[in-house]
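For reference, the structure discussed in these notes is given below.
The values are calculated or read from the model by the stated rules, or taken from the named source; none is laboratory data. Every value quoted in this text rests on a predicted model; they were computed, and no experiment measured them. Ideal geometry is used to build each Cβ from the backbone, glycine not excepted, and the neighbour counts take in all protein chains shown. With ligands, DNA and RNA removed, areas are computed over all heavy atoms of the protein, side chains included. Shrake-Rupley method; radii C 1.70, N 1.55, O 1.52, S 1.80 Å.
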Amino acid sequence: MNIPKKLLYTKEHEWIKVNGDKGHVGITDYAQHHLGDIVFVELPELDEEVAAGESMGVVESVKAVATLFSPVSGQVMEVNEELEEAPELLNEDPYGNWIAIIELSDQGDLEGLMSADEYKSYCETLE
Amino acid sequence: MIEVVNHSRDPYFNLALEEYLMTSWTGPNHTFILWQNKPAVIIGRNQNTIEEVNQPYLDQEGVVLVRRMSGGGAVYHDLGNLNYTLVVDENLDFANYDKFTRPVIKALDRIGVRAENSGRNDITIEGRKFSGNAQFKYRGRLLHHGTILFDSNLEAMTLALNPGVHKISSKGIKSVRSRVTNIRDHLSQDIKVEEFKEILAAELLQLEPGPGTYQLSQAELQAVEALRENKYATWAWNYGQSPAFNRRKTASLAWGHIDIRLEVKHGRIRSCRIFGDYFQAGEMEDLEQALIGVVYRWQDIKVCLEKIGLYDYLPQMDEEELARLISG
């Protein structure tokens, strides 16, 4: 399973790539693998205020609907509209296809997230 | 496993109860409910309501429409359809449909009916579907639910659901028609849905040892009622939550032809163009502008048309006629 080193992770299997006060957010390889073929992505709204650990959308696969949680609090700066047309991109390249870019309102939120190593150990406990 | 006792036949309440058990239940046991709805259409989380249902039929017959948390297609419920919902910890059971459909198959075996899983989500008798299943996951918990057609009005089902009838392009999930059957048609000795419900409850309890049944407290019932009022009984959730869609409506009337193009998002008109052979392109611009942001429901559109004065633009049509054309 692919877990890139430089990203931070949530227990709900989202990743965030932080650059200053901007964070690209997506779902992990583990998430896409377990969900199976993804058929629909409900993106957050542009400019929407999201809160760390709160729902910001849903992903529907052939197996289930899963809630998407924001890893951090902040404002949605950009959403990846390509996923509305081609939700399967999340299966093909989960780290190359971000879902939203969030402007962080509190860098402290990052302390609650897992490193790649921690996330790897966490995933092992789920198997 | 514990059965949360529920006798409500109100679709809004029952869907709210599912969410309550999923997100707020704090008891130590995994739960299940068995429930029936008065006539209702229950659509998938990411479906476009307008695309899936025969709204005039729903209005006429008083059929309720509710959006559920799980995905997949639209289903018809009535008192002849038994629903089962289990809420468990996610860890090992995610996407494990067989574990949850097995009690249904075993319950049927006890009344002499042979059923089998078909694909991932369906249970069939002689190749015909009587049960559709779906899952929803949220914060480490998993909800599995399914319909069980016992003695449902299949004719009403066909009338209430009409996938693919409208000319709509949307990114939402489309329903797929299946050949369906009622369990009752396969019984050698007739039993009532209530009796089958008890047999199924006994099988579900066998999934895990547990204390039997649980009666919700007044405070818990109030929490479910609040969720019913604030979410499941609202237009915003049942219709407004539909994925964005584009729509074209045309009509040939005595005075000429009219062609309307719409984009609808969050249940509101986002853009609108009206063409016709009676008027020039552009003449309708103020009317088109006025419709932007209006709730995509004929009553709201009618109010908007009355306010702007439809007669100045289209004297041949009255407000209700055009509102129904736009939204119908």
Solvent-accessible surface (1.4 angstrom probe) belonging to residue B:275, in square angstrom, nearest 10: 70
Full-stretch length increase - residue B:26, residue B:118 - with 0.36 nm per residue and alpha-carbon distance subtracted: 29.7 nm
R0 of 51 Å, Cβ-Cβ distance residue B:60-residue A:127: FRET efficiency to nearest 0.05: 0.45
Separation between Cα centres of the range A:92-111 and the range B:91-159, rounded to whole Å: 37
FRET E, pair residue B:225, residue B:198, Förster distance 25 Å, beta-carbon r, rounded to 0.05: 0.40
Solvent-accessible area buried by A and B, counting both chains, probe 1.4 angstrom, square angstrom: 1900
Share antiparallel - DSSP beta bridges, chain A, percent rounded to 5: 100
Helix B:97-110 axis, angle to chain B major axis (alpha carbon atoms, nearest 10°): 60
Over the protein assembly as shown: helical MRE at 222 nm, DSSP H runs n ≥ 4 each giving -39500 (n - 2.57), nearest 500: -7500 deg cm²/dmol
Folded to 0 to 90 degrees: helix B:11-23 orientation relative to chain B principal axis, Cα: 60
Dipole of the range B:245-327, positive direction: furthest Cα of B:267, B:298, B:316, with charges on the beta-carbon: B:267
Cα gyration tensor shape for chain A, rounded if a/c is under 1.5, else prolate or oblate: oblate
Cα-projected label distance for residue B:270 with residue A:81, points at 7 Å along beta-carbon direction, nm: 0.8
Exposure of residue B:23 as accessible area (Å², to 10), given a probe of 1.4 Å and all protein chains: 60
With every protein chain in place, chain B: carbon and sulfur % of accessible area (1.4 Å): 47
Order of exposure, largest accessible area first, which applies to A:33, B:266 with probe 1.4 Å: A:33, B:266
Listed residues B:77, B:144, B:257, most fluctuating in chain B (Gaussian network, C-alpha, under 10 Å): B:257
Accessible area of residue A:27 in the full protein assembly, 1.4 Å probe (Å², nearest 10): 10
Label-point gap, in nm, between residue A:37 and residue B:7 - each point 7 angstrom along Cα→Cβ: 4.5
Loop sites in the range A:1-97: trypsin sites (Lys or Arg not before Pro), DSSP, at most 12 other Cβ within 10 Å: A:5, A:6
Accessible area in the full protein assembly, largest first, 1.4 Å probe, for A:47, B:151: A:47, B:151
Cα-based shape type of the protein assembly as shown, given that a ≥ b ≥ c are square roots of the gyration tensor eigenvalues and the cut on a/c is 1.5: oblate
Folded to 0 to 90 degrees: helix B:298-308 orientation relative to chain B principal axis, Cα: 20
Around residue A:107: net Lys/Arg minus Asp/Glu count, Cβ-Cβ under 14 Å: -4
Accessible area in the full protein assembly, largest first, 1.4 Å probe, for B:17, B:227: B:227, B:17
Separation in nanometres of the label points that stand 7 Å from Cα toward Cβ, at residue A:117 and residue A:21: 3.2
Residue B:279-residue B:156 FRET efficiency (beta carbon distance; Förster radius 56 Å; 0.05 resolution): 0.85
